[in-house]
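Taking it in order: structure first as C-alpha cells, then the write-up.
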Amino acid sequence: MPPAIETAGLTKSYGSVRVLDSLDLRVDTGTVFALLGPNGAGKTTTVRILTTLTAPDGGHARVAGHDVVAERRAVRRAISLTGQYAAVDETLTGAENLRLAARLSGLPRRAAARRADELLERFGLTGARDRRTAAYSGGMRRRLDLAAGLVRDPGTTRVVFLDEPTTGLDPRSRQELWDVVRELSGHGTTVFLTTQYLEEADRLAHRIAVLGGGRTLAEGTAEELKNRYAGHRLDLVARDRDAYLRLTPHATAHTPATLTLGVPTDGSAAHVRTLLDALDPHRTDIERFTLHSATLDDVFLALTGPDGTEKEPSHV
Ligand SMILES: Nc1ncnc2c1ncn2[C@@H]1O[C@H](COP(=O)(O)OP(=O)(O)O)[C@@H](O)[C@H]1O
Ligand SMILES: [Mg+2]
C-alpha cells in the first residue's frame, strides 16, 4: 500500500524567511502522525502545502497517492482539513451546520439530514443537536468542525488533517478530541495532526516528527525518540564528596550541591544492576538512586534549544 503522505525535499520561503528547508516525511496509511514543533516552526505551512492551499517552492508531496500540485482536485477529494480555528456558523444549531455542510458537499436533502445525524451521534453531539453552536463549548465546536469535514461519504475521506486541534481547549475537551482522533484512526483513516504539546503527540501518535529549522530534526515512535535521544537516566546520590569525585567521570549530568550524578541507562533491571555494581563494586560510594524515564520533553530539549530554536547538530 502506498503511504498516505509522502514528501521529498519540500521547500517553502516567505520573502527571505526559509520556512521549510528540504522537508522529508512519510506517513503510513491508517496511522496517526504528529508533526511536533514550537510556534513558527512551519507546521501550518506544511499542512497548507499538503492540503493544496499553498504551493511549495520546491520538492514533491503526494497525499493519498496524488501529487499536491499536479493533482490538486484528486487530493482535495481524499482529504478533510480542520483548522486551528473552528469554522462553524454560530447562528445555526449543530444539526443545521452539518446539514448545510453536507448539502454544500453535494448530498441531496434527505441524505444530508441522515448524514448529519450519523455524525452528531458519532461525535457525541446528539444531545446538543438542536442547540445553537454559539452555546457550544470549545471542545464541542472543534468536534462539530471535525464532523463537518467528514460530511462526504466517509469511505472517500482517507486523510484527515488537524492543525493544532487542541490548542486553547480545556483538558476535558482535549480528551474528547483525542477520543475522536483514536476513533477515526480505528476506522482506518489516516490522521495528520500538528501540535505544540509533547504529551499529545506521546498519547496519540503512532509516529512523531519533530520540526525545527525547516526540516525534521527527528522522526520515530515516541518510544524510539525517547530511547534514541534521551533514554533513561539513573540518578545516583554519592555518600560523600570523595565518592562523588570517584563517580564523576562516569556521569553525564552533575549536581555537586546535592552530590547527585546522572548516568545513562536503557532502564532495564539488568543494566541498572550491572551499572551499580560496576560503579560501586564495594557498595560504599552510592547511597541512593532513582531511575527516570525519559519524557518527550527530554527529547525536545535534546533536539532544540530552550527557546525551541534548533541546536547546532554537533550538540544533538
Ligand atoms: N503567508 C505568509 N506570509 C509570510 N510569512 C508567513 C506566512 N505564513 C507563515 N509565515 C511565516 O512562516 C513561519 C512559519 O509559520 P507557520 O507555518 O504558521 O508555523 P507554525 O504553524 O508551526 O506556528 C513563521 O515565521 C511565519 O511568520
Ligand atoms: Mg500553525
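Taking the criterion of being open to solvent by 10 Å² or more (accessible area, probe 1.4 Å), more than 13 Å from ligand 1 (Cβ to nearest atom) and of a type in the set (Gly, Ala, Ser), the residues of segment 65-86 that qualify are 65, 70, 74, 86. Restricting segment 20-44 to residues that are within 15 Å of ligand 1 (Cβ to nearest atom) and open to solvent by 20 Å² or more (accessible area, probe 1.4 Å), the residue that is farthest from residue 186 (Cα to Cα) is 21. Among the conditions (1) within 15 Å of ligand 1 (Cβ to nearest atom); (2) buried (at least 16 other Cβ atoms within 10 Å of the Cβ); (3) at pLDDT 95 or above, residue 13 misses just one, which is (2).
Taking the condition open to solvent by 10 Å² or more (accessible area, probe 1.4 Å) and more than 16 Å from ligand 2 (Cβ to nearest atom), does residue 142 pass?
Numbers: open to solvent by 10 Å² or more (accessible area, probe 1.4 Å): yes; more than 16 Å from ligand 2 (Cβ to nearest atom): no.
Taking the combined requirement at face value, the residue does not satisfy it.
Residues in segment 194-252 that are open to solvent by 30 Å² or more (accessible area, probe 1.4 Å), in a strand (DSSP E or B) and more than 16 Å from ligand 1 (Cβ to nearest atom): 207, 219, 232, 233.
Looking at segment 137-147, can you tell me whether even one residue there is acidic (Asp, Glu) and assigned to a helix (DSSP H, G or I)? Checked against the condition, which is being acidic (Asp, Glu) and assigned to a helix (DSSP H, G or I), segment 137-147 yields at least one hit. Looking across segment 148-169, the residues that are under 20 Å from residue 205 (Cα atoms), surrounded by 21 or more Cβ atoms within 10 Å (Cβ to Cβ) and not acidic (Asp, Glu) come down to 159, 160, 161, 162, 165, 166. Mind checking which residues of segment 114-135 are assigned to a loop (DSSP other than H, G, I, E, B) and open to solvent by less than 70 Å² (accessible area, probe 1.4 Å)? Matches in segment 114-135: 123, 124, 125, 129.
The values are calculated or read from the model by the stated rules, or taken from the named source; none is laboratory data. These numbers come from a predicted model, not from an experiment. Every residue, glycine as well, gets a Cβ built from its backbone with ideal geometry; the counts of neighbours run over all protein chains shown. Note: accessible area is taken over every heavy atom of the protein model, side chains too, but ligands, DNA and RNA are not part of it. Shrake-Rupley method; radii C 1.70, N 1.55, O 1.52, S 1.80 Å.
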